[in-house]
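Only one structure is covered here, and it is reproduced in the block below.
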Amino acid sequence: MKLSVYALPTLVPPNSQGPAVVIDVLRATSVMVTALANGAAAITAVEEIEAARTLAAGYPASDVLLGGERRARPIPGFDFGNSPREYTADKVADKHIILTTTNGTRALASLAKVEPLFIGAFLNARAVAETLARLGQDTMLVCAGTNGRFTLDDIACAGMITAYLSELVPDLDLDDLAYSAHFLYRNHAQNIKGLISHAQHYSYLQSIGLEADIDYCLQVDTVDLVPKVENGTVRKE
Ligand code: MLT
């Protein structure tokens, strides 16, 4: 079984096959994992704000919620921003969430043809590794990055999933970036926050008062589910 890690969705070769995992730790995939763990029925990821509004208008108002961000801030008129801490069970249970974010939902769109496509974060890293080990096929971990640039938070999470998967699949064949991510993670496993504090998006979120979101997203293995994406909609597997 081969494991490839991509620093950005744009680096994934055309016509690549799944299984693949999209990782946007700060904060889109952490939001998706949280919302589904808290009982949301589904999340449809769309790229543009107006498309999100149009899609939501097609649902009964009591069934749908709009969430997302631009520059990490809530979008006017939306029910939620992109803070996973907002997506509590009392608000999201049985709701269909339409989500638009700057990088995370775009990463999903760019991998629309890859199947199966899963959602990964620190919150569900072990569950992701277990699912991939069960499938036993060549796999890609795809980091969403931030504004087209590599990010430490996503690669550290890819390194954690690689470490878990290496325990489960002893002859796992790592490509160069999987090896590097694993190495980076192993060397910082005792202080992931210290590593990620060097990420630009970390500093930005901190500068706008969202450090509690960072702490939330850096929790490890608190969720035992692996969301799966089909036709742009994310559900529990
Ligand atoms: C994104 O998808 O760009 C991010 O999740 C940004 C954020 O809200 O922190």
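The values are calculated or read from the model by the stated rules, or taken from the named source; none is laboratory data. Since this is a predicted model, take the numbers as computed values, not measurements. Positions of Cβ are backbone-derived with ideal geometry, glycine not excepted, and every protein chain shown enters the neighbour counts. Quick note on the areas: whole protein, heavy atoms, side chains included, nothing else; ligands and nucleic acids left out. Shrake-Rupley method; radii C 1.70, N 1.55, O 1.52, S 1.80 Å.
Some values worked out for this structure:
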| quantity | calculated |
| --- | --- |
| 13 Å beta-carbon shell around Leu55, net charge (K/R +1, D/E -1) | -3 |
| Tilt relative to the chain, helix 125-135 - C-alpha long axis, 0 to 90 degrees, to 10 | 70 |
| Net charge of neighbours whose Cβ lies under 15 Å from the Cβ of Ala199, counting Lys and Arg as +1 and Asp and Glu as -1 | -3 |
| Carbon plus sulfur fraction of accessible area for segment 2-236, probe 1.4 Å, in percent | 49 |
| Placed amide H near Leu65: partners under 5 Å, 5+ positions off or other chain | His96, Ile97, Ile98 |
| Among Ala41, Ala125, Ala158, residue whose mean-square fluctuation peaks in a GNM of the chain (springs only between Cα atoms under 10 Å) | Ala41 |
| For segment 7-114: accessible area per residue (Å², 1.4 Å) | 41 |
